[in-house]
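The values are calculated or read from the model by the stated rules, or taken from the named source; none is laboratory data. The shown structure was predicted, so the numbers you read here are calculated from the model rather than taken from an experiment. Glycine gets a Cβ as well: all are built from the backbone with ideal geometry, and neighbour counts include every protein chain shown.
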Amino acid sequence: MSVLTDKLADRESCSICPALRKTLSVPLRIFLSPSAKLSLTGQKLFHGISKIMQQKLYLCTVFLCTLYIYYILTMIDKINALLQEVEAMTAANAEELEALRIKYLSKKGAINELMADFRSVPAELKKEVGMKLNELKTKAQEKIATLKEAFESQDTGMDELDLTRTAYPIELGTRHPLTLVKNEIIDIFARMGFNIADGPEVEDDLHVYTKLNFAADHPARDMQDTFFVEVNPEDVTKNIILRSHTSSVQVRTMEHTQPPIRVICPGRVYRNEAISYRAHCFFHQVEGLYIDKGVSFTDLKQVLLLFAQEMFGSDTKIRLRPSYFPFTEPSAEMDISCNICGGKGCPFCKGTGWVEILGCGMVDPNVLEACGIDSKIYSGYAFGMGIERITNLKYQVKDLRMFSENDTRFLREFESAY
Ligand SMILES: [Zn+2]
């Protein structure tokens, strides 16, 4: 050993502690080569290192350096052992897999611990140890990803197995009865040349009442219990309200269009009424408006008769009774012959043989003028009906509340009507 150390006295300094050598000022080095007579520990050390590196390593005999290299070798052993572990890794379920991930790949996992140790590996060994460490990390990531994939494809099969589901792949919903009837009404009037007009549900008083000939203090305003969003005590026309009828859409149409006007206005309206089987705080309307030169009450009656026969059957009769609305003059309520008893009288029509379905009349000249249409040249008619009312007549729904309860048993009854 001493011959060897002497021969190598002028070789490079210790791979680990050049500083220490200087301090000791004795050139004590061991050149680790196969010919060197090494102790058992030294041989083990050498083989371990030569396995991982092709280059030569110089070590001083300072005990700490040997110990240090031993520590590095232990690290390589650890990497090799972990590599074997990772290759053999299996997990029975997702929880086990997550535990494995935490054990190897988490912040405090085995691989990260080795990464921290890697900082103290001497420069000569960094490349080899680094490659080994990277191999371990990649293998662990790949293995966990593969296992995860296998679980996911397996899990989807298990979790989504719903034995209560229908054997049919797609369950179609149904159209709401009110939508069915609304579409039917639109369809009938569209065939007679009416277009659809739309407007806001939150409106100002001007469009809902004032321009429709409701004077600011007129009791007719009380006919419709209104929801107020914003009240302006100085100027009622500036009140912001939820529209109580879709006539506001008619006003907006007249404001922006010159006759001929032929529109229907379907939409939701709101009234402050106690909710019961026959009243709700919101419902749906379809209103119609026709303005042109020489429009008469006869035109109105004919259009409504055609509508009633298209909607309820060709033998349906209509009758008009005088009524009052601020925005029409003359005004009328229209009844149709009861389609349940055929006009003989039943509990539904209260024995009269007639049921009321809508209100109508000739547009009041004041309304035309308020909306910028010359009432001396043009005249027109308007009508309005509740979609709930028409739906009740068509399908005999006893309780109005069922329309907004979203009970699928009720809604499914309209499957065949779709
Ligand atoms: Zn009847």
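Points to keep in mind about this one:
- Residue 294 vs. criteria on the phi > 0 side of the Ramachandran plot and either in the same structural domain as residue 217 (by TED's automatic domain parsing) or touching a residue at least 60 places away in the same chain (Cβ under 8 Å) (or both): yes
- All of (1) more than 16 Å from the ligand (Cβ to nearest atom); (2) out of contact with any strand residue (DSSP E or B) (no Cβ under 6 Å at 6 or more places or on another chain); (3) in contact (Cβ under 8 Å) with a residue 40 or more places away in the chain; (4) not hydroxyl-bearing (Ser, Thr, Tyr) hold for residue 309 with one exception: (3).
- Flag if residue 269 is assigned to a helix (DSSP H, G or I) and β-branched (Val, Ile, Thr): no
- The residue that is modelled with the lowest pLDDT, among those in segment 314-345 that are within 12 Å of the ligand (Cβ to nearest atom) and of a type in the set (D, E, K, R), is 344.
- Some residue of segment 276-292 being of a type in the set (A, V, I, L, M) and more than 19 Å from residue 246 (Cα to Cα): no
- In this entry, residue 395 is excluded by the filter for residues that are at pLDDT below 90, touching a Ser or Thr at 6+ places or on another chain (Cβ under 8 Å) and of a type outside the set (Asp, Glu).
- Qualifying position, being away from the ligand (no atom under 16 Å from the Cβ), in a loop (DSSP other than H, G, I, E, B) and in contact (Cβ under 8 Å) with a residue 40 or more places away in the chain, among 380, 372, 384: 372
- All conditions in (1) within 12 Å of the ligand (Cβ to nearest atom); (2) among the aromatic types (Phe, Trp, Tyr); (3) assigned to a strand (DSSP E or B) hold for residue 348, with the sole exception of (3).
- Pick from segment 174-193, criterion without any contact (Cβ under 8 Å) to a residue 60 or more places away in the chain and within 27 Å of the chain's Cα centre (by Cα), ranking: surrounded by the fewest Cβ atoms within 10 Å (Cβ to Cβ): 183
- For segment 372-390, the tally of residues that are within 18 Å of residue 245 (Cα to Cα) and β-branched (Val, Ile, Thr) stands at 2.
- Segment 270-298: number of residues that are touching a Gly at 6+ places or on another chain (Cβ under 9 Å) and surrounded by 16 or more Cβ atoms within 10 Å (Cβ to Cβ): 10
- If only residues of segment 351-360 that are among the β-branched types (Val, Ile, Thr) and near the ligand (Cβ under 8 Å from one of its atoms) are counted, the one that is modelled with the lowest pLDDT is 355.
- Residue in segment 107-120 that is closer than 19 Å to residue 147 by Cα and of a type in the set (Lys, Arg) present: no
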